[in-house]
Each structure stands twice: as C-alpha cells, then as structure tokens.
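Below: one structure, written as structure tokens.
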Number of protein chains: 2
Amino acid sequence: MPSGRAFAPQSARNAARSEVVMHYRELPTPALTVDLDVLERNLDRVAELCRRQRVGLRPHTKTHKTVEVSRLQLERGAVGLTVAKVGEAEVMAGAGLDDILVAFPIFGAEKLRRLADIARTRRLLVSLDSEATAQELSRAAAAQGVTMGVLVEFDAGARRCGLEPGPALVGLAKTIEKLSGLRFRGLMSFFGNIWGTPAERRAEAEHVAERVGTALAAFRTENLPVEIVSGGSTPSAEFAHLIPGLTEIRPGTYVYNDLNTYYQGACSLDDCAVRVVATVVSTAVPGRAIIDAGSKTFSSDLLGSGPKSGYGYVVEAPDAPLIKLNEEHGHLDITPSRHKFYVGEVLTVVPNHVCTTVNMHDEIFTVRKGEAVGCWKIAARGKTR
Amino acid sequence: MPSGRAFAPQSARNAARSEVVMHYRELPTPALTVDLDVLERNLDRVAELCRRQRVGLRPHTKTHKTVEVSRLQLERGAVGLTVAKVGEAEVMAGAGLDDILVAFPIFGAEKLRRLADIARTRRLLVSLDSEATAQELSRAAAAQGVTMGVLVEFDAGARRCGLEPGPALVGLAKTIEKLSGLRFRGLMSFFGNIWGTPAERRAEAEHVAERVGTALAAFRTENLPVEIVSGGSTPSAEFAHLIPGLTEIRPGTYVYNDLNTYYQGACSLDDCAVRVVATVVSTAVPGRAIIDAGSKTFSSDLLGSGPKSGYGYVVEAPDAPLIKLNEEHGHLDITPSRHKFYVGEVLTVVPNHVCTTVNMHDEIFTVRKGEAVGCWKIAARGKTR
C-alpha cells in the first residue's frame, strides 16, 4: 500500500473517527479522490512504455503536486522529476527527493537564490532560453558556490518558449559554458503541439522529429556534446520512438488522466483515476440540477479536445452535461437526461483537466475498491513562485 | 493603516529583511497586489451607495477571502458578512466576526455539524431551497441545541438555485417554521442576471423587482412576515433602489473590481485595486512574450463582458493582448504592440475575474503609493467545503 497518513477528514470532530474506513461516496463533498488501482496501472503502463521506447521518464509533478506520487514514480524507475516552479522544487527536495528539472525559465533574484540553495544538496537542472536568464542564474549559483545544470529550451512547434533550432541555440549553449556556476547539459522542449487524434499526434511527432534533428545537427557541426534531450507530454508519450535523439520525456497527466486525454484517444474513461465526488444541492429551477462543485473545485479550464464543450463527465448520468460553473455551483443541464436527480444525491465527475483541478485542492482522498483508505496532502499546490 | 502582518516575503532568507519597504515592482513574481487607497475608496463608495439607497450591505467575502478586508467592511457599517462555504464561515467566525450568512444550500452531515457548531457562538443565517436540506439542517441544529436563521432562496431570473416566487416558496417557509432548531427569517436571491451595459442592467433590475414583488405578495396573502430580503451582486448594486422590499444586498467584487466590472461600465480601470505583478520570462518565439503568470495565477476564467476575449489587461502595454494561459505561462501576442518587451521586464495585469484570481493565492501584498507595505493571508482561500 502506498505511503500516506491515515484517513482524517477536515473537522476535529471527525478526526476522532480516523480509524473508520468509509465508502468514498460518504466523504464530505466536494471531495477530490484518486483510485489507487487505476493510478498504479497508469504508472506501470507509462514506465513500461518508456522502457520499450528506450527513453528515460522524468515525470512532470505538476499533475499530482504530491510527494507520495513522486515516490511511486521514482520507485518505478523514473530518472528524476520535473517541476515548474522553485516552490515545487522546494517541496520535492524537502521530502528528500533528488534529480529535479525546473522546466521553466525562472527569473528574479529571490527565486534564483532559493533555487541555488536547493542546489547545495540536490542535483538540479534548469531550463532557459535567454542570455538574460542565464546571467541571473549564474550570479545566483556563483553567490552560493554551487553548479547547476542547464538545458537550453528550443521551440519544437508549440510556439511558447524556446529558441528556433539552429545557430542561436548553439550560441546560447556556448555562452552558458562560459558562465560560472552553470554547466550546459543539453536541450529541452515542450511538445504541446502534439495534440489531437492519434493520427494528428503521429503526424505532428514527425514534424517535431525534424526540428529536433535540426537542433542536434547544429550542435554536431560545432562539436558540442548534447548529453540530454528532454521533451514530451502525455499525448506525445507513445510517439517518443519517432523522435531520434530524445533521451527522456516529461509526461505529467498520465498518472491520473482526464477528459482531455480521453478525447484524444490516449486513455479510456476507466483510466481516469481522479474523480470529484459532489452532491446535488438544488433541483429547484426546472431543467437544472446544481452540484456543490464549481470552478473552485474543477478550475474553469475548458475541454481542449473532443467535443470542446462542458466542464466534466458525470459518471452516473453522462446524458446530463455540466454546462456551466460558477465558483461554488456546477450547473447540470438535466433536460436531455433520463436520470432522476434529487437533493442530497452523490455524483462523481471526471474533470476536463486534472492538473488544474488538483491545484484547487489541499488534499486528495485515496480510494481502493470503493473505500476511502487515506488522504494525501497536495504539498506543492499553489506554488506560483 | 489597516491591520496586517509586517511585510514578509516567502523565503526564510528574505524574512530577515522584513523591515525593508520595497517598491511593488520589486516583489517576487507572480505577486498578487492590492492598492490600499483604491480599496478604501471602493469600500467607502459602496457603503455610501447603500446608505443612500436605504439598503443594508452584507458583503460577500468570496472576493477577498481575507479577515482584514471583512473588518474594513464591518467598520464601514456592513450589517454582516456573506460566505458560500462552511470553511469560510469558520475562518470569519474564528477571527471573532459575527452575523454571517452562508449563501449556499449546504448539504451533508459533516458540514452541517460544523455549521451548527459555529451557531453555538455566532449569529448565523443559512439559505436553502429544498425541504431535504431544511430537514438535514434541522437535525444538525437540534443535535447541538442551537437555532439557526433560514432564508429561503427564490429564483429572481438567474436560473441557478431558488424556487419560483409563489406558493411553493411560502410552503417551504411554513415547513421551516415547524422544524426544530430553525427559524424562518426571510428570502434570498442571487441577481446574476443583472449583467451587461448599464441600460441592460437597469432593464433586468426592473424584471427582478417584479419577481421580488410576486414573492412578497404570496407571503402577505398568507400573513407570514418576511424580515429580510437579501439580494444583489456588484453589477446590480446601484439599482437596489429599483427593487421595492429589498432589505440588504450582497456585492462581493466591488472591493477590488476587475475587467468584468469595468467592461460593464460599473467601475473605471483606476478602480481595479488588484493587479498581478508578473515578469517577462521569454521572448524567444517571434510575436510572443511569455510572462510567469498563467492559469495558476489568474484562474482560467474568460471575460464575461465587453470584448469577451483575453485573460487580462496589461497596464504597461494595453495593445498586447494576453491571448492564452497555460498553467505557468501567460502568452502575450506582441504582434500588434508598439511596446518593446524584454526578458526580466516587470508588467502589471488587471485580471478578468478577481474572485477566482484571489482564490489561487495564499497571500496578497498590500501596496500604498507604490510601496509594498504588508501582506495579508488569504485565510479563506480554497475552502471548498
């Protein structure tokens, strides 16, 4: 059984009942839950997928933000962890975990000082795409007498961060080699453009392969070794073998999955490990059932794949679309539904985007065979810095 | 100067510098900031607006989720506070504040037990719209030997919660009168349908007035006194005088304001007290500047008024739309902009929806005349239950 504190609901009164195992449908709602059997199956599958593709797995912890799940990933052979923010790195390092990639161009003296502080006791990699950021990072590293590994970010087609593959990329790597406290270790990119149906994703993976090839060719021309080539995302994970030179991938969502993953054909609904348990609190307005879970529970992320409408999938009544979220109210359109809704009824909902949903919560209840067996602190929630 | 702990940035290292006053643009980013002069002006204006309209002000604390701002509201004559969740009521009651309306139909034994526990030492009002919820609430109140005031929710046109004005509403009030531990105090509704341009809002306020009139007439017929009629929202606040019988309103957003309020013509940009301070972290992709503030900082709430596109207003470069948010990345489209963006540049952004933005953060930095002078804990953040 995974590590985790014993089940302890929110109130002091209930804490006294912490030995009582309850069915997940009896949890105070809205409750974020994870089915441990499904989680473990997802972890095993992608660990095996990476072994088969001969690519390292450095999972992005942004999906779960939880020390316990990071440990499960490392136990299954992950080469390290990925985080986006210094505060997230602090949580993982503070729990004794090591080999952390900060996959975000951190800028700002206070944050870089904290980053260099972590590097005193942990192996750190940092990604960046500008000389300005490299200079700042070098100053912070030098001030604490540490060395940090740097991955230079290139744009594989997502048009977010990253230099164009070619001379500028090599130029930045050379600049880094000259800066004290920094060591150029390789390249990094986010494959957000690998998205959509399996056929669309495969075609885009081939474009990404070309851009990775261009990037690596420029380094070969200059005789500059590239030790790490880090890419990926969950929808691109199964196509890693199409991208020569890739040494590791950074999927995040695969641990829990969500509707965005499902509608891309990259998982089944049964592979969605996280469900929001909610209660119907009002049926007073004709055609509506209101649940006690709104954007403060799900986030207001729209669906980016499939029908691109709605805010979640109601397991007990898939024919009742979750059409609108206020902060605390979820609006089910029950007009097309054959289900009979009533005040006090408990429903379970698969969210659109599980990463942003998890970030709304302080804790996640672990469930095994329908029973709530524990509760994990989402320790890296809300670490915006 | 308002209460609040001394300025203490996140890291232990920086805590040592807590006496140093810094310019808000030097804060570690992304930083949520509130301009105290603007906040105080907003507080004064709506307090005065309510006095002029002879209607009580029971501000919804969901916007600020902060004890300090609740105190400023009560000091200016608010008749009480509004919250949506039991956890929010616990925060406000725990800080010694009283007369709290829970404007949400709370369902579930654990939450109702906590609610009844608050009622042992505080004046509580609870809204609901079903007999099922009333029965549950009564059981919880009776179990602790407390009495809670109940407002019955009716639908004034927003089609969210609430019974149709008429006999069913009176029937539920009568049922409540018979239940132990409960006392019928009056009616409650959310005026979310009063939205849009000033002309649209005024017209809708007249519809709401009709529905309030219908509701009250049904109670008069039955000789059942209605002590409280609670309505409102920020965009409807100035039209309270058009709704006869209204005894109090519950605006939330007015303390901070946001782009949704601005584009409805209900405030100016200068009245937007909350800004996100962010740093440009990448300009590597042509046509893009990426800031270190994404949906984990702003929430992903779309703009519900005005142009209905974009995720925020960049004060330094209004001609660069914030077109897309990932969790940690904000995408500025700089193609149409005359501004020159550079890595390390600090920008300030007015959010679309300030309530959901505030809920993403653990703390808000207070600013006076450009200087960061303190930091408030957003103590009721993330209280989903």
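Taking the condition part of a strand (DSSP E or B), within 10 Å of chain B (Cβ to nearest Cβ) and touching a residue at least 40 places away in the same chain (Cβ under 8 Å), does A:His331 pass? Spelling it out, A:His331 is indeed part of a strand (DSSP E or B), within 10 Å of chain B (Cβ to nearest Cβ) and touching a residue at least 40 places away in the same chain (Cβ under 8 Å). Yes or no: A:His60 in contact with a Pro (Cβ under 7 Å, 6 or more places away or on another chain) and within 23 Å of A:Val126 (Cα to Cα)? Yes, satisfied. Any chance region B:199-221 includes a residue that's β-branched (Val, Ile, Thr) and not in a helix (DSSP H, G or I)? No, region B:199-221 contains no residue that is β-branched (Val, Ile, Thr) and not in a helix (DSSP H, G or I). For region A:38-94, residues that are part of a helix (DSSP H, G or I), free of Cβ contacts under 8 Å to residues at least 24 places away in the same chain and farther than 18 Å from A:Glu238 by Cα total 3. Here B:Val21 fulfils each of the conditions (1) at pLDDT 95 or above; (2) of a type outside the set (Ser, Thr, Tyr); (3) under 30 Å from A:Ala140 (Cβ atoms) apart from (1). All conditions but one from (1) under 18 Å from the mean Cα position of the chain (by Cα); (2) at the interface with chain B (Cβ under 10 Å from one of its Cβ atoms); (3) closer than 19 Å to A:Val226 by Cα apply to A:Glu131; the one that does not is (1). The number of residues in region A:114-148 being assigned to a helix (DSSP H, G or I) and either farther than 21 Å from A:Gly186 by Cβ or of a type in the set (Ser, Thr, Tyr) (or both) comes to 8. On the stretch given as region A:149-194, residues that are in a loop (DSSP other than H, G, I, E, B) and either surrounded by fewer than 24 Cβ atoms within 10 Å (Cβ to Cβ) or not polar (S, T, N, Q) (or both) total 19. Report whether or not A:Ala84 is surrounded by 24 or more Cβ atoms within 10 Å (Cβ to Cβ) and either facing chain B (nearest Cβ under 9 Å) or not aliphatic (A, V, I, L, M) (or both). The answer is yes for A:Ala84. Quick test of your reading of the structure: A:Ala372 fulfils all but one of (1) among the aliphatic types (A, V, I, L, M); (2) at the interface with chain B (Cβ under 7 Å from one of its Cβ atoms); (3) surrounded by 21 or more Cβ atoms within 10 Å (Cβ to Cβ). Name the failing condition by number. So A:Ala372 meets the others, but not (2). Go through region A:98-113 and give me each residue that's among the hydrophobic types (A, V, I, L, M, F, W, C) and either in contact with a strand residue (DSSP E or B) (Cβ under 6 Å, 6 or more places away or on another chain) or in a strand (DSSP E or B) (or both). Those that are among the hydrophobic types (A, V, I, L, M, F, W, C) and either in contact with a strand residue (DSSP E or B) (Cβ under 6 Å, 6 or more places away or on another chain) or in a strand (DSSP E or B) (or both): A:Ile100, A:Leu101, A:Val102, A:Ala103, A:Phe107. The set of residues in region B:334-354 that are over 22 Å from A:Thr356 (Cβ atoms), within 13 Å of chain A (Cβ to nearest Cβ) and either among the hydroxyl-bearing types (Ser, Thr, Tyr) or outside any strand (DSSP E or B) (or both) comprises B:Ile334, B:Thr335, B:Phe341, B:Tyr342, B:Val343, B:Gly344, B:Glu345.
Within region B:101-116, identify whether any single residue is within 12 Å of another protein chain (Cβ to nearest Cβ), touching a Gly at 6+ places or on another chain (Cβ under 6 Å), without any contact (Cβ under 8 Å) to a residue 60 or more places away in the chain and not acidic (Asp, Glu), and answer yes or no.
Looking for residues that are within 12 Å of another protein chain (Cβ to nearest Cβ), touching a Gly at 6+ places or on another chain (Cβ under 6 Å), without any contact (Cβ under 8 Å) to a residue 60 or more places away in the chain and not acidic (Asp, Glu), one finds at least one in region B:101-116, hence yes.
Taken over region A:178-202, the criterion of being more than 21 Å from A:Ala266 (Cα to Cα) and free of Cβ contacts under 8 Å to residues at least 12 places away in the same chain is satisfied by A:Lys178 alone.
The values are calculated or read from the model by the stated rules, or taken from the named source; none is laboratory data. Keep in mind that what you see is a predicted model, and the values were worked out from it rather than measured. Reconstructed Cβ throughout: ideal geometry from the backbone, glycine too, with neighbour counts over all protein chains shown.
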